[in-house]
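Okay, structure first, notes after.
Just so it is clear, none of the values below were taken in a lab; they were calculated from the coordinates. Quantities reported herein were computed from a predicted structural model and do not represent experimental measurements. Counting neighbours? That spans all protein chains shown, and the Cβs are built from the backbone with ideal geometry, glycine included.
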Amino acid sequence: MDCVLDGNCVKAFGKAIHALSRIGDELWLDPMVRGLALRSVNSAHSAYACFLFSPLFFQQYNLGSVSEEGNETIKCKLVIKSVLPLFRCLSSIERNVKRCQISISAPCDRVMIRFFCRHGITKTHNVRFQESEALQAVFASHLCPNVLKAPARLLGDMVTHFPVSQEEITLSMTSLRVSLRNYFEGAKDHIKTMHTEISLHPEEFDYFQVGVDSDITFCLKELRGLLAFAESHCLPVSVHSSATGSCVVCRPVCFSVEDMVLEATVVLATLIDSEIRGPSQPTETPVPTTPRCVHAATLPVGSCEARSNIPHDITAVTELVTSSQDSPIINPPALMQLLPQTDIPNEFCVPDAACPSTSTTPASTVICSLLFRALSSDEDDDSCAAGLNVLACYSDGEETMEDYPRSFLLGEVTQDALHILTFCDVAQSRSK
Amino acid sequence: MKFRGKIVDVACLNHFSRVITTISKLTKMCVLRLTPDNLFFVLSEKVANGGVSMWCELSQANFFDEYQMEGVSPEDNEICLEVTPENLSRALKTVQSAKSVKVKLTKKHCPCLTIAAELPTLSSISRVVTHDVPVDVIPRRLWHEFIEPSVPDFDVSIYLPPLKTMKNVVDRMKNLSNFLVIEANLNGEMNLKIETDLVSVTTHFKDLGNPPWGDDSSQDGGPSQGRDPDSMAEARVDIRRLQQFLMGQQVNPSKAMCNIVHQRILHLILLHEDVSLQYFIPAVA
């Protein structure tokens with residue numbers, strides 16, 4: 001793959017890398033016919049970002065010769081720490097760099113990034129990569145009942161009200177208003193921290209569709225990168241989400257921006273807390289529990305909340321991940337990887353919400369990892385791809401096999417092993 | 001107990017935020033006393049603070065357009081709350097462009113000072129931002145700890161040099177020593193001194209002027225009577241406390257002065273138009 005960006009675009013490219021660096025430690029460079037995709041996933045697999053630059057973004061875009069294996073070129077996994085410094089100082093890039101060339105050639109394992117700067121200076125950087133299939137979060141956004149499109153600065157302005165250290169926020173949507181508030185876990189934090197809530201009127205959005213009243217909680221830190229990107233490009237941000245259900249399957253939320261030459265998407269897993277309910281939330285959403293779903297919900301998993309990018313938690317998460325996978329309690333087909341979490345005493349209460357506590361289970365908040373699938377045969381549809389051994393679809397009560405709302409596949413196909421992250425309801429898996 | 005105040009003027013909001021930010025730089029937690037006419041931020045002297053204490057008085061009419069309060073009881077028409085000023089400061093910082101800001105005492109998950117702001121938007125309907133700052137209500141039996149401190153029987157009272165200059169000097173001195181001696185006399189001279197085994201540094205300020213306490217002072221027969229104008233009164237203080245005080249100042253006060261009780265206390269007073277701030281730093285041996 002060989003492509004050339006001109007000066008103006010290098011800055012946008014750099015901004016994308018900044019945004020991706022907020023998500024995870026690794027960056028997948030994925031040159032495709034429809035453009036160059038940059039992807040990143042956080043270690044807990046609860047956040048995914050993808051920036052897709054179409055060939056029009058580049059001055060030149062060559063995929064190079066078709067490789068022997070098929071129609072795909074090399075897929076590279078880079079460590080963000082080695083790429084980010086190259087694009088760190090965007091203002092100096094803007095001033096000095098006239099062109100940037102990025103190329104990957106098959107025989108060597110390096111990505112070459114070459115900056116052609118003013119005064120005849122050329123800076124060449126060779127960054128080693130690992131060949132690796134990238135993950136792609138599959139998100140059926142056209143099936144989401146709740147869609148918001150916010151003008152460029154709106155969300156950015158909203159999040160300034162929250163301290164930079166705020167981890168998670170809750171976005172509530174009803175047909176009358178949209179509100180953002182900060183989220184706490186644990187009774188101790190709850191009492192002494194400052195609660196902030198911002199309420200917006202639907203009129204402020206370019207597009208407002210709330211099919212189902214919902215509250216979703218997601219990690220704010222991971223989103224800030226995309227919001228900064230959107231603001232700098234004055235692009236509106238679309239938010240696609242589903243209602244929270246009382247089933248334990250998580251429903252991610254997707255933030256995206258696009259213009260003619262690029263698309264950026266961030267998919268974040270949401271917290272499930274059966275006690276977070278706005279006043280308008282129906283007490284019992286009809287849950288299309290398939291038998292396995294119910295089974296999954298009652299898995300006696302010791303749980304611990306997964307956090308992205310928090311060093312002290314990562315080891316805990318990774319340990320528990322393996323243990324939950326090895327746990328004999330979990331039946332392979334209904335493997336629900338609930339990232340472990342310490343049991344929170346049942347004192348969590350939300351002001352003026354009549355908490356319809358679901359039964360006797362203590363309030364437990366769970367972040368599910370997103371479901372991914374390999375990119376092996378991605379390009380066309382976000383439906384189940386052939387070739388994956390295990391596909392899982394979760395249907396929302398609709399029995400049709402054609403469209404499975406909110407289905408999230410998962411599977412990370414590495415060259416070595418098929419690694420199943422999460423899925424549910426294998427009965428509905430199908431092969432095409 | 002009820003409290004409800006509303007700030008509508010941008011300049012007042014700005015000023016109010018800056019006062020609170022200054023307080024937040026001085027102390028992590030303090031007591032807010034609300035009376036029908038004033039707000040007081042009080043830090044009482046405790047070993048944990050290193051013996052410093054603070055008294056900041058704001059006249060509510062200068063900030064609030066609307067101000068209603070009902071104290072604990074008709075005889076004790078006051079409210080005493082323990083609050084973390086940094087939370088308040090953060091909350092106010094984000095709403096500087098608001099059309100109006102209401103501050104109310106509420107009970108949510110715990111007693112809170114709720115800051116509710118209406119932010120202007122392009123559409124006709126404003127955005128509402130609410131910050132709930134948790135507070136602790138101080139019971140009446142403890143109120144005696146938070147009364148206005150009396151001006152001590154000082155030996156010298158002198159106007160301070162420009163705070164920025166003083167801050168620069170103190171910042172650099174902090175690198176050399178943990179304690180600083182501040183001395184002044186009635187001739188308008190002040191010295192800041194540090195002394196270590198290796199080096200001693202003194203910065204001299206002249207022609208500062210001495211405030212005329214005269215009848216205004218609360219103690220009898222002013223200390224300046226019969227005192228040799230050249231004789232210095234000094235106090236040796238922890239330099240970090242002084243630095244903390246100087247760091248937090250956001251606005252140049254109309255008057256800045258200090259009273260020194262020889263080898264006992266350094267009493268700093270800042271007067272703005274509508275806010276007065278007093279800070280007491282005990283002297284160490």
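Inter-chain Cβ neighbour count for B:124-135, averaged per residue, equals 6 (cutoff 10 Å, partner chain atoms only).
Here the Karplus relation 6.51 cos²θ - 1.76 cosθ + 1.60, evaluated at θ = phi - 60°, turns the backbone of segment A:126-137 into coupling constants of 10, 10, 6, 10, 10, 6, 6, 5, 7, 8, 9, 6 Hz, with x for every Gly and Pro.
For the pair A:Val164 and A:Glu131, label points projected 7 Å from Cα toward Cβ lie 4.2 nm apart. The packing ranking, built from the mean of other Cβ atoms within 10 Å per residue, places the peptides B:101-110, B:116-125 in the order B:101-110, B:116-125, highest first. For peptide A:155-167, the mean count of partner chain Cβ atoms within 10 Å of a residue's Cβ comes to 2.
Taking R0 as 30 Å, what's the FRET efficiency between B:Lys107 and A:Arg153 from their Cβ-Cβ distance, rounded to 0.05? Don't skip to the end; give the middle numbers.
On the way: r = 35 Å, r/R0 = 1.16.
Computed FRET efficiency for B:Lys107 and A:Arg153 comes out at 0.30.
Database remark: amide H of B:Lys99 closer than 5 angstrom to the amide H of B:Glu118, B:Leu119 (H placed geometrically; neighbours at sequence offset of 5 or more, or on other chains; Pro and chain starts carry no H). Once the C-beta distance of B:Glu195 and B:Arg264 is scaled by a Förster radius of 22 Å, the resulting FRET efficiency is 0.65 to the nearest 0.05.
Please label the shape of segment B:1-112 as rounded, prolate or oblate, based on the square roots a ≥ b ≥ c of the eigenvalues of the alpha-carbon gyration tensor (a/c under 1.5 means rounded; beyond that, a/b larger than b/c means prolate, else oblate).
Judged from the Cα gyration tensor, segment B:1-112 comes out oblate (a/c at least 1.5, b/c at or above a/b).
Just grab the label-to-label distance for B:Thr121 and A:Ser105, each label 7 Å out from Cα along the Cβ direction, in nm (one decimal). Those two pseudo-labels are separated by 5.5 nm.
Rounded to the nearest whole Hz, the Karplus-based 3J(HN,Hα) values (6.51 cos²θ - 1.76 cosθ + 1.60, θ = phi - 60°) of segment B:269-285 follow the sequence 10, 10, 10, 10, 4, 10, 9, 10, 10, 10, 9, 10, 10, x, 7, 10, 5, with x at glycine and proline. Close amide H contacts of A:His125 (hydrogens built in the peptide plane, cut-off under 5 Å, sequence separation of 5 or more or a different chain): A:Ile113, A:Arg114, A:Phe115. Taking packing as the residue-averaged number of other Cβ atoms within 10 angstrom, the listed peptides A:125-132, B:33-40 run from highest to lowest as B:33-40, A:125-132. Per-residue shielding of B:104-115, expressed as the average number of other chain Cβ atoms within 10 Å of the residue Cβ, stands at 2.
A straight Cα-to-Cα reach below 22 Å connects B:Lys104 with the lysines A:Lys192, B:Lys2, B:Lys6, B:Lys28, B:Lys93, residues fewer than 8 places away in its own chain not being considered.
Were the residues from B:Val10 through B:Glu70 laid out at 0.36 nm apart, the gain over their Cα-Cα distance would be 19.0 nm.
Report the Cα centroid-to-centroid distance between segment B:115-166 and segment A:14-32 in angstrom, as an integer. Taking the Cα centre of segment A:14-32 as reference, the centre of segment B:115-166 is 44 Å away. For the listed peptides B:92-100, A:252-260, a ranking on the average number of other beta carbons within 10 Å per residue, highest first, reads A:252-260, B:92-100.
Rounded to whole numbers, the Karplus 3J(HN,Hα) couplings from phi for segment A:116-122 are 9, 9, 5, 6, x, 8, 10 Hz, using 6.51 cos²θ - 1.76 cosθ + 1.60 with θ = phi - 60°, and x at Gly and Pro.
Looking at segment A:201-237, none of the chymotrypsin sites (Phe, Trp or Tyr not before Pro) sits in a DSSP loop with at most 15 other Cβ atoms within 10 Å of its own Cβ. Close amide H partners of B:Asp155, meaning residues 5 or more places away or on another chain with modelled amide H under 5 Å apart, are B:Ile260, B:Val261, B:His262. Subtracting the Cα-Cα distance of A:Asp25 and A:Ala228 from their residue separation scaled by 0.36 nm leaves 71.2 nm.
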